[in-house]
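*Asks:* Okay, handing you the structure first.
The values are calculated or read from the model by the stated rules, or taken from the named source; none is laboratory data. The structure displayed is predicted, hence computed values, not measured ones. When we count neighbours, we look across all protein chains shown, and the Cβ atoms used for this are built from the backbone with ideal geometry, even at glycine.
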Amino acid sequence: MKTSVVICTYNGSLYIEEQLCSILEQTVRVDEIIICDDRSTDNTVLLIKSFQNTNPHITLSVNNEQLGSTRNFLKGIKRTSGNIIFLSDQDDYWEPNKVERMLDVFRQNPTIEVIATNGYFYDGKESSDDKVSVWNIPDLLNKEKVDFTYFEVITSLTNFATGASMAFRNNIKNLLMYNGEHKELLHDEYIALLACQRNTFLFLEEKLFHYRIHPDQQVGSEFFKLNHKRINYIAKAFLRKNTFEEYKGALKVISSKHNNTRKIINLTSIDKQTHELLQKSLNTSEEKFQEIYMEMKKRFPLKTMVLNFIDFFTRKRKLL
């Protein structure tokens, strides 16, 4: 299988060398590396060109105007020619066997179109295995023997399929109609939702990359500030609830995710496919919301009545 890697850069001179080296030193060589630079003002472009001297399979294009992360990645994806496309942030680095391992999983699962993985946290000096993040949600639900689908979790709670960990078959590339015009719908969530809807998404608990933590991150600055308590709070919609407060929290998480999706549909002239995908997302989160609400109402009727009165004015836990 021919492999492509898409890297989007912007003022990444402090990090890009380490990432490129980790990709070039994979146990299975990648066939092409497509780099789209979003008009860096540091020496990122010069560093990339120095790699091109000895690695002709690296191609570089500099945008005529700044596109932002999502539009830049979608541009890079369109330029690939590989059967399997890997996405890469400029500031992380990969485990040496990442490509080999993910290719093996694709071969073993011919119906799977998109794979995302877990990862380590990297502070620039050492990597940590003891932090928690949204990557832990699928494992938490599996350990609790919860019946769930990836689509339900992403649409009702949060996206745990990080672009930096993602690889997909090229047929997904041909299905990408969204042009990245809304900053609230990132390319990784869009791709994950598309595959989840088609039941062709797989999440690997294996940690195959190192997610760098630094102050200049464009996306994900809050991602690594989570703890076990917060992860349990987010996932409570799918976990057993014993108290009224737990029901309230679950409804708050779902309504927040639902309403953000509603804003994307209402404020953006998006293509028909993306509109239908997001509408299905809304329907799914609304069903989950109503399921939890009715259970809460049955168990705590008086408290639920009071909560409804309060929420009427505060707009908390209300679906737009």
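*Asks:* Regarding LEU185, is this residue modelled with pLDDT of 95 or more, aliphatic (A, V, I, L, M) and either over 29 Å from ALA167 (Cβ atoms) or assigned by TED's automatic domain parsing to the domain that holds LEU157 (or both)?
*Replies:* no
*Asks:* Hey, can you tell me all the residues within segment 42-101 that are among the basic types (Lys, Arg) and either within 16 Å of VAL6 (Cβ to Cβ) or crowded, with 17+ Cβ neighbours inside 10 Å (or both)?
*Replies:* ARG71, LYS75, LYS78, ARG79, LYS98, ARG101 - these are the residues of segment 42-101 that are among the basic types (Lys, Arg) and either within 16 Å of VAL6 (Cβ to Cβ) or crowded, with 17+ Cβ neighbours inside 10 Å (or both).
*Asks:* Conditions: (1) touching a residue at least 24 places away in the same chain (Cβ under 8 Å); (2) not in a helix (DSSP H, G or I); (3) not charged (D, E, K, R). ALA237 meets all but one. Number of the miss?
*Replies:* (2) is the only condition that ALA237 fails.
*Asks:* Test THR268 against the stated conditions and say whether it is modelled with pLDDT under 90 and exposed (fewer than 13 other Cβ atoms within 10 Å of the Cβ).
*Replies:* no
*Asks:* If we keep just the residues of segment 138-178 that are surrounded by fewer than 23 Cβ atoms within 10 Å (Cβ to Cβ), under 18 Å from the mean Cα position of the chain (by Cα) and of a type in the set (Val, Ile, Thr), which is nearest to ASP92 (Cα to Cα)?
*Replies:* Taking the candidates together, the pick is THR158.
*Asks:* To continue, here is another question. When segment 135-193 is examined, which residues are found to be of a type in the set (Ser, Thr, Tyr) and assigned to a helix (DSSP H, G or I)? Steps first, please.
*Replies:* Our first condition is that a residue be of a type in the set (Ser, Thr, Tyr); within segment 135-193, this holds for 149-150, 155-156, 158, 162, 165, 178, 190.
Hits for segment 135-193 are TYR150, THR155, SER156, SER165, TYR190.
*Asks:* Report, ordered by the first and then the second residue, all pairs with beta carbons closer than 9 Å, sequence separation of six or more or different chains, a first member in segment 187-198 that is among the basic types (Lys, Arg), and a second member that is in a loop (DSSP other than H, G, I, E, B).
*Replies:* Short answer, once both residue conditions are applied: ARG198/GLU113; ARG198/LEU175.
*Asks:* Filter segment 16-29 down to the residues that are surrounded by 18 or more Cβ atoms within 10 Å (Cβ to Cβ) and in contact with a helix residue (DSSP H, G or I) (Cβ under 9 Å, 6 or more places away or on another chain) and list them by number.
*Replies:* Listed by number, the residues that qualify are ILE16, LEU20, SER22, ILE23, GLN26.
*Asks:* Can you pull out every residue in segment 296-320 that is touching a helix residue (DSSP H, G or I) at 6+ places or on another chain (Cβ under 6 Å) and either of a type in the set (S, T, N, Q) or without any contact (Cβ under 8 Å) to a residue 40 or more places away in the chain (or both)?
*Replies:* Listed by number, the residues that qualify are LYS297, THR304.
*Asks:* Counting only residues that are small (Gly, Ala, Ser), over 21 Å from the mean Cα position of the chain (by Cα) and closer than 20 Å to GLY82 by Cα, how many does segment 1-21 have?
*Replies:* Of the residues in segment 1-21, 0 are small (Gly, Ala, Ser), over 21 Å from the mean Cα position of the chain (by Cα) and closer than 20 Å to GLY82 by Cα.
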